Amino acid sequence: MKDWLIEHKIIVVVVAIIALGGFYFFYVNDAPEPLPTNSLSSEEKFQGEEKETEKTKPANLPELPEKIMVDVKGQIKLPGVYQANTSERVIDVISRAGGLTDKADQGQVNFAEHVQDEMIIYIPAKGEEGLPSAPLGGSQISSGGNQKESKININKADETELQNLPGIGPAKAAAIIEYRNTNGPFKAIEDLKNISGIGDKTFEKFKDLLAI
């Protein structure tokens, strides 16, 4: 009787062990494995960096016009060098320079012409022809589209006209007028070299534009 009880207990224990093993095999092993936390963190970090990059991308800015310099001479109320941009036209720069004088010959001016860097806009007086079309010192010369050969008479030109000569500013133009009034009309264009500030190099720049 005692042996039978012992055998019975052993059988019960073995059955219990087998039952527990089956439960573990079918339910515990079949449970889905969790994804690695490191992979999720890396993916989330990458997505976060992409979003941050998109936020910090600068918006497409419009392209600004190129800045250039234009020299305005002749019958202009405020002659000088003006800053402009490539989208502007001659009329825009003339307006910025105070407009035309009463002596300006508007018939020789192409107000619709686009300006260019280092361009010289020369506005001739009525009855006067424009500056020569050949460039001086690499600059483009313009009288608004009508460019004709002309020379400046140093015995008749006023200060404004004299300032159209390369290298001649207000001070040198005034000196030329004063020399002419003191010594009489120039007998030769080379007499300009007698004036202080006008040397051989300066004279070479405009000698072909002079007349007496």
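The values are calculated or read from the model by the stated rules, or taken from the named source; none is laboratory data. Keep in mind that this is a model prediction, so the values were computed, not measured. Cβ atoms come from the backbone with ideal geometry, glycine included; neighbour counts cover every protein chain shown.
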Top-ranked residue of the range 160-192 - restricted to ones that are surrounded by 14 or more Cβ atoms within 10 Å (Cβ to Cβ) and over 21 Å from residue 80 (Cα atoms), ranked as nearest to the chain's Cα centre (by Cα): 192
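Sort through 92, 102 and tell me the only one that's surrounded by fewer than 14 Cβ atoms within 10 Å (Cβ to Cβ) and modelled with pLDDT of 85 or more.
Values: 92 fails: surrounded by fewer than 14 Cβ atoms within 10 Å (Cβ to Cβ).
Result: 102 is the single residue among 92, 102 that is surrounded by fewer than 14 Cβ atoms within 10 Å (Cβ to Cβ) and modelled with pLDDT of 85 or more.
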